[in-house]
Amino acid sequence: MKIYNTLTRKKEELVPIKQGEISMYSCGPTVYNFFHVGNARPFILFDILRRYLEYRGFSVKFVQNFTDIDDKVIRRANEEHTTYDKIAERYIQEYFTDAKGLGIREATIHPKATDNIDAIIDTVRTLEQKGYAYSVGGDVYYRTRKFDSYGKLSHQPIEDLESGARIDVNDQKEDPLDFALWKSAKPGEPSWESPWGQGRPGWHIECSAMANRFLGETIDIHSGGVDLCFPHHENEIAQSEAVTGKPFAHYWMHNAFLTIDNQKMSKSLGNFFMVRDAAKIYGYQPIRFFMLSAHYRSPLNYSAESLEQSKAALSRLHTAFQNLEFLQEHSQTNEMSEKERVLCDALPKYRDRFCEAMDDDLNTADAISVIFELVRDFNSEFVGKTASKKAIDSSLQLLYELCNVLGLSPVKEEQSLDSEIETLIEARSEARKAKNFKEADRIRDELKSKGIILEDTPQGIKWSYIK
Ligand code: AMP
Ligand code: ZN
């Protein structure tokens, strides 16, 4: 597989450090709010990269952090007269709700910055001991100019950065290019004990510390949105490589922006849609599909029209699954016709072309067109005709397989499923209270037929999908 490496500005063959294994680190959300459709782009994309690498037989260890302490989290907690950890915990749960809806699998590990304060402090101390960091009045800064290859990821010579750096009047830094590793505590703010007094970590240091702790000194792939390339990822490299003396990551991947009216979608510009709200209008699945419709290094413009188009395309896919499943159930013969045999013999070619697209720097747009070619060819071959079970089985199997790599579900999501289930559960409790056990059992069976199981817990009835 080839991926475009921001570090070398070339498409390169992916050669893992350990054969058959891939370590991946992706910068995750700051948890002070729901995430917006722009944030969803890297989450979906790197979920697909992981799924595809697993599909190709790699064992993938994927770490995506939660930034659970920073100015925004603290501000939100103050606004709501609560604590930073309550805010973070709430939006971590909301992240998982939206991620699940979007078909984003949980990472192998989702570390939180505040669970890794010791590792962060150790990293800062090592930097200080090696002369890469200095403390001033309880703050600790990174001595940027000491790191010779600073700027190598964003391909900017240090002189250019210098002229762009803002000089703050109250600045206690030795150099405007230096950045904070540790911030001394301000009154009323959450803080941790450290060799420099009470304080909290700067943003960049958490990723260096957690990547090292969970994935080791050098990782295969590090990723995030293109806005993180500078300064965040540049700073991560400077921190990690100064500590270990080894390359931090072999491949750096950056997705382009999701735009709206051709401007970056962002919270600060106020031109954003939360995934939660967009999903209420279009459903979660069309949002995922929409993200795959363009190459990840090209900007992608969000509009009602493109979401509607994605919804319609997905609906064609779901109809194809339904038709094939119907034919599979009703097929009378196992004997393949000559035409079916030709189609089935050609199936591996579709798979090859799908992989060719994905191998070419994760070209999901081309991979999707292969899926739709399959749908078109299946429709013209099978629909409205008698088909052999064998031919349908192999066709469906391939369609399931390829859709699964992209995280596209074969069934349409039920947007109102939750409330429907809650109503049935409620009716069942009422029936039980009234000692109408026959009705209660009937409702339990009805839920079971929808793939739902019930469990009595001290907190009441809990429902889950049958695994
Ligand atoms: P944040 O919570 O702001 O740190 O962002 C989480 C992730 O979303 C990062 O990888 C960002 O680069 C990415 N991101 C933020 N806005 C956009 C956007 N409009 N398009 C694509 N990626 C974005
Ligand atoms: Zn990061």
Among the aliphatic types (A, V, I, L, M), surrounded by 13 or more Cβ atoms within 10 Å (Cβ to Cβ) and either under 30 Å from Val15 (Cα atoms) or without any contact (Cβ under 8 Å) to a residue 12 or more places away in the chain (or both), is that true of Ala346?
no
Give the residue, chosen from Phe58, Phe43, Phe35, that is of a type outside the set (Val, Ile, Thr) and more than 23 Å from Leu402 (Cβ to Cβ).
Phe35
Test: Tyr150 is open to solvent by less than 10 Å² (accessible area, probe 1.4 Å), within 32 Å of the chain's Cα centre (by Cα), of a type outside the set (A, V, I, L, M) and modelled with pLDDT of 95 or more:
no
Selection within the range 26-46 - more than 7 Å from ligand 1 (Cβ to nearest atom) and closer than 12 Å to Leu102 by Cβ:
Val37, Ala40, Phe43, Ile44, Leu45
When residues of the range 8-32 are limited to those that are open to solvent by less than 50 Å² (accessible area, probe 1.4 Å), touching a strand residue (DSSP E or B) at 6+ places or on another chain (Cβ under 8 Å) and outside any strand (DSSP E or B), the one nearest to ligand 2 (Cβ to nearest atom)
Cys27
Subset of the range 401-433 [touching a residue at least 40 places away in the same chain (Cβ under 8 Å) and open to solvent by 60 Å² or more (accessible area, probe 1.4 Å)]:
Asn404, Val411, Lys412, Gln415
Do we have any residue at all in the range 379-387 that's open to solvent by 90 Å² or more (accessible area, probe 1.4 Å), closer than 27 Å to Met1 by Cβ and not assigned by TED's automatic domain parsing to the domain that holds Arg56?
no
Search the range 207-224 for residues that are without any contact (Cβ under 8 Å) to a residue 60 or more places away in the chain and pair each with any residue that is among the polar types (S, T, N, Q) and within 12 Å of ligand 2 (Cβ to nearest atom) when their beta-carbon atoms are under 9 Å apart and the residues are at least 6 apart or on different chains.
Glu217/Ser240
Condition (residue is open to solvent by 10 Å² or more (accessible area, probe 1.4 Å), within 15 Å of ligand 1 (Cβ to nearest atom) and either in contact with a Lys or Arg (Cβ under 8 Å, 6 or more places away or on another chain) or farther than 26 Å from Pro157 by Cα (or both)) applied to the range 213-222: is it met by at least one residue?
no
Being open to solvent by 10 Å² or more (accessible area, probe 1.4 Å), under 15 Å from Val411 (Cα atoms) and touching a residue at least 60 places away in the same chain (Cβ under 8 Å) is the filter here, so list the residues in the range 275-323 that pass it.
Tyr284, Gln285, Phe289, Ser315, His318, Asn323
For the list (1) touching a Cys at 6+ places or on another chain (Cβ under 8 Å); (2) in a helix (DSSP H, G or I), I need the number of the one condition that Met336 fails.
(2)
Within the range 202-238, track down each residue that is within 15 Å of Ala113 (Cβ to Cβ) and away from ligand 2 (no atom under 12 Å from the Cβ).
Asn212, Arg213, Phe214
Got a sec? Which of Trp192, Trp182, Trp196 is open to solvent by less than 10 Å² (accessible area, probe 1.4 Å), away from ligand 2 (no atom under 16 Å from the Cβ) and not charged (D, E, K, R)?
Trp182
Members of the range 384-419 found to be at pLDDT below 85 and among the basic types (Lys, Arg), listed by number:
Lys385
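Can Tyr134 be described as aromatic (Phe, Trp, Tyr), surrounded by 13 or more Cβ atoms within 10 Å (Cβ to Cβ) and part of a strand (DSSP E or B)?
Answer is yes for this residue.
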Somewhere in the range 41-49, is a residue out of contact with any Ser or Thr (no Cβ under 7 Å at 6 or more places or on another chain), charged (D, E, K, R) and open to solvent by 10 Å² or more (accessible area, probe 1.4 Å)?
no
Yes or no: the range 98-117 includes at least one residue that is touching a residue at least 12 places away in the same chain (Cβ under 8 Å), closer than 19 Å to Ala185 by Cβ, surrounded by 19 or more Cβ atoms within 10 Å (Cβ to Cβ) and among the hydroxyl-bearing types (Ser, Thr, Tyr).
yes
Filter the range 69-124 down to the residues that are assigned to a helix (DSSP H, G or I), charged (D, E, K, R) and closer than 21 Å to Met274 by Cα and list them by number.
Asp71, Lys72, Arg75, Arg76, Glu79, Lys86, Glu89, Arg90, Glu94, Asp98, Lys100
Sort out which residues of the range 244-291 are aliphatic (A, V, I, L, M), over 15 Å from the mean Cα position of the chain (by Cα) and within 17 Å of Leu314 (Cβ to Cβ), and write them in order of number.
Ala278, Ala279, Ile281
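Could you please find all residues in the range 50-61 being open to solvent by 10 Å² or more (accessible area, probe 1.4 Å) and not polar (S, T, N, Q)?
Arg50, Arg51, Glu54, Tyr55, Arg56, Gly57, Phe58, Val60, Lys61
The values are calculated or read from the model by the stated rules, or taken from the named source; none is laboratory data. Owing to the predicted nature of the structure, the values given are computational and were not obtained by experimental measurement. FYI the Cβ positions are ideal-geometry reconstructions off the backbone, even for glycines, and counts take in every protein chain you see. Remember, those area values only see protein heavy atoms, side chains included, never the ligands or the DNA or RNA. Shrake-Rupley method; radii C 1.70, N 1.55, O 1.52, S 1.80 Å.
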